[in-house]
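Bear in mind these aren't lab numbers, they're just calculated from the coordinates by the rules spelled out. Remember, predicted model here, so these are calculated numbers, not experimental data. Here the Cβ positions follow ideal geometry from the backbone for every residue, glycine too, while neighbour counts run over all protein chains shown.
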Ligand code: FES
């Protein structure tokens, strides 16, 4: 696991002190770690397990229960374009192509050179009547048509850098 910033170590230390039951600290600590590391892999789970003196399996079962914790995020902003039928019929594939190229990603699922963006597809986000839908980390954005995709790229570049997206 890559070294953590002092800010993150400090935040984790506070959370450990705040929760008398170590198990209660798992979720808040994972949120802090995901913010810095982007994804929760086995190394991260082992780190939390060691820190809280809890079995790895217990930490893993909590992490896997919550869809908020990504195992696959490869960039600061994990952009997923819905390709299921309702969004697909509104040309979400064209939206994905525009985002991919304008954000400088070499291919779907690979990060931009600055590691800020990755673009890939996802399945239905359960808001089909508002498509095409795009998810960035945990925020979902609606009605991102091919015509609006260029403006959406500018919005992403201007609004999100170093902030958590919120729709
Ligand atoms: S088809 Fe895209 S949100 Fe359901």
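Overview of results
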quantity	calculated
Modelled label reach - residue 58, point 7 Å along Cα→Cβ, region 20-46 residues with backbone N closer than 16 Å	20-30, 45-46
Distance from region 11-32 to region 61-133 (C-alpha centre basis), Å	30
Inter-site label distance for residue 101 and residue 155 at 7 Å from Cα along Cβ, in nm	2.1
Overall Cα dimensions of the chain - principal axes, largest extent first, Å	52, 30, 24
Protection-proxy order for peptides 127-134, 82-89, each taking the mean of Cβ atoms within 10 Å per residue, highest first	127-134, 82-89
The chain - mean residue ellipticity at 222 nm from DSSP helices (-39,500 (n - 2.57) per run, n ≥ 4, rounded to 500)	-13500 deg cm²/dmol
Share, in percent, of DSSP beta bridges within region 77-159 that are antiparallel, nearest 5	55
Relative contact order (%) - region 1-55, alpha-carbon pairs under 8 angstrom, separation at least six	37
Crossing angle, helix 6-18 versus the chain [Cα axis fit, 0-90 degrees, rounded to tens]	60
Over the chain, relative contact order from alpha-carbon pairs under 8 Å, at least 6 apart, %	18
Helix 56-65 vs. the chain, principal-axis angle (Cα, 0 to 90°, nearest 10)	30
Relative packing of 38-49, 2-13, which averages over residues the other C-beta atoms within 10 Å, highest first	38-49, 2-13
Rounded, prolate or oblate (a/c below 1.5 giving rounded, otherwise prolate when a/b exceeds b/c) for region 14-58 by Cα gyration tensor	oblate
Tilt relative to the chain, helix 42-52 - C-alpha long axis, 0 to 90 degrees, to 10	40
Mean separation of Cα contacts under 8 Å, 6 or more apart, over the residue count of region 77-159: relative contact order %	37
